[in-house]
1. Which residue pairs have Cβ atoms under 9 Å apart, sit 6 or more places apart or on different chains, and have a first residue in the range 227-238 that is without any contact (Cβ under 8 Å) to a residue 60 or more places away in the chain and closer than 13 Å to residue 190 by Cβ and a second that is open to solvent by 20 Å² or more (accessible area, probe 1.4 Å) and basic (Lys, Arg)?
2. So which of 92, 99, 59 is small (Gly, Ala, Ser), in contact with a Cys (Cβ under 6 Å, 6 or more places away or on another chain) and crowded, with 18+ Cβ neighbours inside 10 Å?
3. Suppose the filter is of a type in the set (Val, Ile, Thr) and either more than 25 Å from residue 145 (Cα to Cα) or over 24 Å from the mean Cα position of the chain (by Cα) (or both); does residue 115 pass it?
4. Residues being in a strand (DSSP E or B) and either under 28 Å from residue 129 (Cα atoms) or under 25 Å from the mean Cα position of the chain (by Cα) (or both): count how many of those fall in the range 44-95.
5. Given the options 84, 100, name the one that is touching a strand residue (DSSP E or B) at 6+ places or on another chain (Cβ under 6 Å), farther than 23 Å from residue 43 by Cβ and touching a residue at least 60 places away in the same chain (Cβ under 8 Å).
6. Taking into account only those residues within the range 342-373 that are out of contact with any strand residue (DSSP E or B) (no Cβ under 8 Å at 6 or more places or on another chain) and not in a loop (DSSP other than H, G, I, E, B), which is least open to solvent (accessible area, probe 1.4 Å)?
7. Using the structure shown, decide if residue 326 is touching a Gly at 6+ places or on another chain (Cβ under 9 Å) and over 20 Å from residue 197 (Cβ atoms).
Amino acid sequence: MPLIIAIVGRPNVGKSTLFNRLAGRKLAIVHDTPGVTRDRKEVDAQLAHIPLRIVDTAGYEEAAAGTLPARMTGQTLMAIADADVCLFMIDGREGVTVGDELIAAALRKSGKKVVLIANKCESRRGLDNLGEAFALGFGEAVAMSAEHGTGLVDLVEALKPFVPTEEEIDEDGADEDDFDDGPSHTLKLAIVGRPNVGKSSLFNRLLGEDRSLTGPEAGITRDAVAAAWKVEGRKVLLHDTAGLRRRARIEQKSLEHMSVGSSLTAIKFADCVIVVIDATAPFEKQELTIADLIVREGRAVVFAVNKWDLIEDRAGAVKRLREQLDQSLPQIVGAPLVGVSALTGEGLARLLPAVLSADAAWNTRVPTARLNRFLIEALERHPPPAVRGRRVRIRYMTQVKARPPSFALFGTQLEALPDSYLRYLQNLLRETFALKGVPIRFAFRTTKNPYADKK
């Protein structure tokens, strides 16, 4: 059972840098702008044979109730409540500040075990301020530089007293719901869309807790947030992502550019992607661009039309949206489209089966014998067109891989097949083998003409 540690501190003291250092990879966005981290971000890691679950948190600040900083602090307090040990980080170069004293008071009130860390101690300036840290009441601070990786040995020594013994682990028992993102049977599910369409609200509704910050402000989510979830006995790693805007509107190397990069990474490593659409302004150009990107990445797609509770003529709206979707994205004709309301929970009972169905289609493997019976019928129904007076011959086909379903066509002059005919085969494959919601790919294997080299 991992030791749960929450990294807490003022904004811009290096919490996310330490999170990435302990995780062994760059999972959290790091930027010079204060307050980059807004949501809790978790990862399982190993530090010198100590199993850890590390939680990165937003900066702790006193703010007026209902404001974004106050909601961020609320997320931090929830992380402290769930932690076994809190890593309280201060900026060693600045010494102890009033903000640090406020956090220290909150930690003492929580009753949690605390390890004090003085970060940015790569210079003499940081080391000279270590004496001030005793005033916080947590003993001697561990001098570290999260950016350069110094002080990790001292951190290990500071954590050792809190590692549960084997007897304590046996008494507590393992948590059957805990799992990491490694096993292949875990469904990796990402929620994407334009800014302010309700992605984080849907994320929270699915999890049944306020795991991501929500509010009227656009662009609250900056970094992809992952949470373990179990639905109908299936393990799911659910990702909330930052809103995606047109690339031309995003300044290179800006914070938003890094946020978009985090969202694209979540799509790249997902199995299935839920594209959230605003029911009051559906299928704008950016949403179609996002869906096309997901298809090109080869991921299964489900469309969740959020704010469904605001639509009056729902029966007619479903038909109109379905026609618009199939016309705009012919490469995934028939993709699941579900009306939902993250505010009320309406439609979630239909969304989850749609996701599992799309994932099953994404993993489908069709036996070669069935494929070739399908091919014979498809060719009889609609033969390939002639090219420059010569027939295109498709002799047989086989599935070369799943995730997404990919098929090899064997024959002659296959490169001359028009897109319309390939679309005909794709749509027929979807109908015959229940492959809706996933891209279908073809590879051509041209049969060599045995008479071509003879004179």
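1. 229/235; 236/188; 236/230; 237/188; 238/188
2. Values: 99 fails: in contact with a Cys (Cβ under 6 Å, 6 or more places away or on another chain); 59 fails: in contact with a Cys (Cβ under 6 Å, 6 or more places away or on another chain).
None of the other options fit; the residue is 92.
3. Values: of a type in the set (Val, Ile, Thr): yes; either more than 25 Å from residue 145 (Cα to Cα) or over 24 Å from the mean Cα position of the chain (by Cα) (or both): yes.
Yes.
4. Let us first name the residues in the range 44-95 that are in a strand (DSSP E or B), namely 44-47, 50-56, 85-91.
Right, trim to either under 28 Å from residue 129 (Cα atoms) or under 25 Å from the mean Cα position of the chain (by Cα) (or both) and you get 44-47, 51-56, 85-91.
Count: 17.
5. Numbers: 84 fails: farther than 23 Å from residue 43 by Cβ.
Just a single option satisfies the conditions, and that option is 100.
6. Looking at the filtered set, the residue picked out is 348.
7. It is true that residue 326 is touching a Gly at 6+ places or on another chain (Cβ under 9 Å) and over 20 Å from residue 197 (Cβ atoms).
Residue by residue, here is whether (1) of a type in the set (S, T, N, Q); (2) in a strand (DSSP E or B); (3) without any contact (Cβ under 8 Å) to a residue 24 or more places away in the chain; (4) open to solvent by 10 Å² or more (accessible area, probe 1.4 Å) holds:
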| site | (1), (2), (3), (4) |
| --- | --- |
| 287 | no, no, no, no |
| 295 | no, no, no, yes |
| 318 | no, no, yes, yes |
| 322 | no, no, yes, yes |
| 327 | yes, no, yes, yes |
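The values are calculated or read from the model by the stated rules, or taken from the named source; none is laboratory data. Computed from a predicted structure; not experimentally measured. Neighbour counts run over all protein chains shown; Cβ positions are idealised from the backbone, glycine included. Side chains included, ligands, DNA and RNA excluded: accessible areas come from the protein's heavy atoms. Shrake-Rupley method; radii C 1.70, N 1.55, O 1.52, S 1.80 Å.
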